[in-house]
Amino acid sequence: MKKHLFFFLLLCFAANPALAQTPKAFDLSEFGIKIQPDARLISVMTALEAAGFESRQNSVFRTELQNDLKTIDPDLQRRLRAFYERNKIYSKSESGQRIEAPPSEQAARYVSLAYALGQPPDFLTPARSTELPAGLLEVLDFAPLVKEFYSAQFEPEPKRIMRLSEKVSDLLIQYKAFGDQLRPEVSTMVRELTSFLNTRPQTVYFERITTKAQPAKEKSKKPAMQTVEMRERARNFYVVPDLLAVPGTVKLRVIGDDYYATVATDVKPPESSELRRAYLQYLIDALVFKNAKEITVQKEAIRTLLDDLSKSGATVSPDVYLAVARSLVVAADAKQIESEKIAEVTNEARAKIVQVKTELEKATVRANLDQAKKAIEKETLLTLSEAYSDGAVLVFFFADRLRGLEGSGFDVASSLTDMIQTFDAAKEKARLKETEIVRNQALAELAARRSKRGEEKNAGVDSAVESKDDELVKNLREAEQMINLRDYDKAENRLKELLNVYKGEPRIFFALARTAGKSATEAIDEAVRDERLKKAEAFYRGAIDAAAGEDYKYLLSQAHVALGRIYEFYDRNDEALKAYQAAITIGEVKGGAYTEAQAGKARLMSK
């Protein structure tokens, strides 16, 4: 037991990724998700690249691909460019000037085209019809060019000729590798959303099919016999990696029962509002369909809200079922984020209370916690208000109902019927008016925070600190030597002396945390070990609270991962997962612990 404990504590504080074992993967298929590249999308977007589309994706991959595409048939490239230029989207400024739409808007129609086509090499095109989206109709004639492009030859290397179809096959491998990188983060996103709603997605749909069969005798006057059979249809949510997508974008397309979320390389699934809401739409569309009768009963009441919003000048869809689905999607997204943020500040407050001694200090921590919670709730209010103004007129209603659902253990799928039946249109009409004062206050506070950050950046407020930095680094190195010599008491005393001189310095808090953690690895008595780990947790929290700015990203990354390992050691897995996610959100920074954070998150998801 002691050997096992000693090994795990070394894992916590040595931060050696080689010690991390590969855990069993979170089974996304149980949640309707498939992460895989799409040859149609690769072909269309590569053809669009050859046509001169500027995605602002400045990657080595794109540069190499552009060099290869320079060798295709000039006439084909000319026709690709001509089509793209002829069908560009433009808008008008207030002064009447013609402005080219941003890259994400230009690319959106071609993404729709990709999923409307058949598989290569035929790329079967859907029949031209008014039922197709207008944007798709505008670029439908790009499909024959894509087919020709797919079969064209190019010269990626001197004296080497190959067809683009072969290049697409090679690209599929690279796209799949990117998809594999997305898997842990998508798993975290799915786990967070489904846990919050206490639900699982409907991955199959049973459709009643009525068929008629004529009697065996041709002269029989008996009517044709009707038979009813149930056919099972799969519902899928495809996460499709796109190495050529406009940075930061997620494009959702729904084709029948299949949902395609095209994801750019820099998108972080747990943090991406677009991807979160895309998956929520996959979850909730099935619930709305299931509760269509209950929604129909409330149809006219909901329509009055949409009509009132339309009269105020907003452009909204009159589709009541769409309004219900959008409202529940936004409410679920906003409330889950709010719940996570409140849990995080609450845990931070608990750690701070451990550090303070007097009742006055504890009361201050509690007051600050209340203030932080109110600020988070105001952010949620702004999100809900914006969605309401865009046509999600039940968003406040669902946000209230989800507050009662959270932590109850009830599945939103079984609770939605009761929610809809209690809908009160008169109450919802007054929502924006009731929240106007708080909403305006929140907007003012947000503007003030942004202004303050800008003033501090321009004023160079850190210049005075820089003059003392060399001396601090020297002292920290001396303390590190004491830690390496296992003189933990001396190191801790020296660091506390430094903290009196360099008040609020995050590097000192971090060094104190490492000192406590290292000493915990040598504790034989479990009570002593727990006391030292508790101290380490408090100091890591102190480092996180004190760290700010780009210069401390590496420290924040390491501190979050160290906290995650402490929480994981004590089976506080929800807190550990959030700590690892905080480090992942920071991203890959020099000296950080991004890889360790990913391994930690994957390890927890396998439990």
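Overview of values
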{"quantity": "The chain, dipole about Cα centre (Lys/Arg Cβ +1, Asp/Glu Cβ -1), debye to the nearest 20", "calculated": "1140 debye"}
{"quantity": "Pairs beyond 31 Å (Cα-Cα), from Lys352/Lys433; Lys335/Lys503; Lys88/Lys299; Lys167/Lys268; Lys88/Lys147; Lys251/Lys352", "calculated": "Lys352/Lys433; Lys335/Lys503; Lys88/Lys299; Lys251/Lys352"}
{"quantity": "In order through segment 311-318: 3J(HN,Hα) via Karplus (6.51 cos²θ - 1.76 cosθ + 1.60), integer Hz, x for Gly, Pro", "calculated": "5, 6, x, 6, 9, 10, 6, x"}
{"quantity": "Cross-link reach list, aspartates and glutamates versus Lys427, counting only Cα pairs under 16 Å and skipping chain neighbours closer than eight places", "calculated": "Glu300, Asp307, Asp308, Asp400, Glu436"}
{"quantity": "Asp75/Ala234 FRET efficiency (R0 45 Å; Cβ-Cβ; nearest 0.05)", "calculated": "0.55"}
{"quantity": "Contact order relative to length of the chain, as percent, for alpha carbon pairs under 8 angstrom and 6 or more apart", "calculated": "14 percent"}
{"quantity": "Selection from Ser310, Val354, Asn368 lying farthest towards where the dipole of segment 297-383 points positive, charges on Cβ", "calculated": "Val354"}
{"quantity": "Computed E for Val60/Leu499 - FRET, C-beta separation, R0 35 angstrom, nearest 0.05", "calculated": "0.20"}
{"quantity": "Apportionment of accessible area to carbon and sulfur, the chain, percent (1.4 Å)", "calculated": "51 percent"}
{"quantity": "All aspartates and glutamates inside 17 Å of Lys362 as judged from Cα atoms, apart from same-chain residues fewer than 8 positions distant", "calculated": "Glu348, Asp370, Asp545"}
{"quantity": "Whole-Å distance, taken between Cα centres, linking segment 557-591 and segment 476-547", "calculated": "18 Å"}
{"quantity": "Stokes-Einstein diffusion coefficient of segment 224-381, Kirkwood radius over Cα pairs, 25 °C, 0.890 mPa s, in µm²/s", "calculated": "124 µm²/s"}
{"quantity": "Nonlocal amide H pairs with Phe237, under 5 Å, H built at 1.01 Å", "calculated": "Ile33, Lys34, Tyr259"}
{"quantity": "Restraint check, Lys341/Lys601; Lys474/Lys534; Lys290/Lys607; Lys290/Lys378, Cα-Cα greater than 22 Å", "calculated": "Lys474/Lys534; Lys290/Lys607; Lys290/Lys378"}
{"quantity": "Share, in percent, of DSSP beta bridges within the chain that are antiparallel, nearest 5", "calculated": "70 percent"}
{"quantity": "Label-point gap, in nm, between Val204 and Glu300 - each point 7 angstrom along Cα→Cβ", "calculated": "4.0 nm"}
{"quantity": "Compactness of segment 319-389 - radius of gyration and Dmax, Cα, Å", "calculated": "16.8, 58"}
{"quantity": "In Hz, Karplus ³J(HN,Hα) per residue of segment 292-305 (6.51, -1.76, 1.60; θ = phi - 60°; x = Gly, Pro)", "calculated": "4, 5, 5, 5, 4, 4, 9, 4, 5, 5, 5, 4, 4, 5"}
{"quantity": "At R0 = 41 Å, FRET efficiency that the Cβ-Cβ distance of Glu588 and Ser312 yields, to 0.05", "calculated": "0.35"}
{"quantity": "Value of relative contact order over segment 474-607, rounded to a whole percent, pairs C-alpha under 8 Å and six or more apart", "calculated": "17 percent"}
{"quantity": "Segment 538-588, relative contact order [Cα under 8 Å, separation at least 6], %", "calculated": "33 percent"}
{"quantity": "Estimated translational D of the chain in µm²/s (Stokes, Kirkwood radius over Cα pairs; 37 °C; 0.692 mPa s)", "calculated": "116 µm²/s"}
{"quantity": "Integer Hz, Karplus 6.51/-1.76/1.60 couplings in order for segment 527-535, x for Gly and Pro", "calculated": "5, 5, 4, 5, 5, 5, 5, 5, 5"}
{"quantity": "Difference of contour (0.36 nm per residue) and Cα-Cα distance, Arg86 to Arg572", "calculated": "169.2 nm"}
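The values are calculated or read from the model by the stated rules, or taken from the named source; none is laboratory data. For clarity, every value in this text was computed on a predicted model and none was experimentally measured. Positions of Cβ are backbone-derived with ideal geometry, glycine not excepted, and every protein chain shown enters the neighbour counts. Protein only, heavy atoms only, side chains kept; ligands, DNA and RNA dropped before computing areas. Shrake-Rupley method; radii C 1.70, N 1.55, O 1.52, S 1.80 Å.
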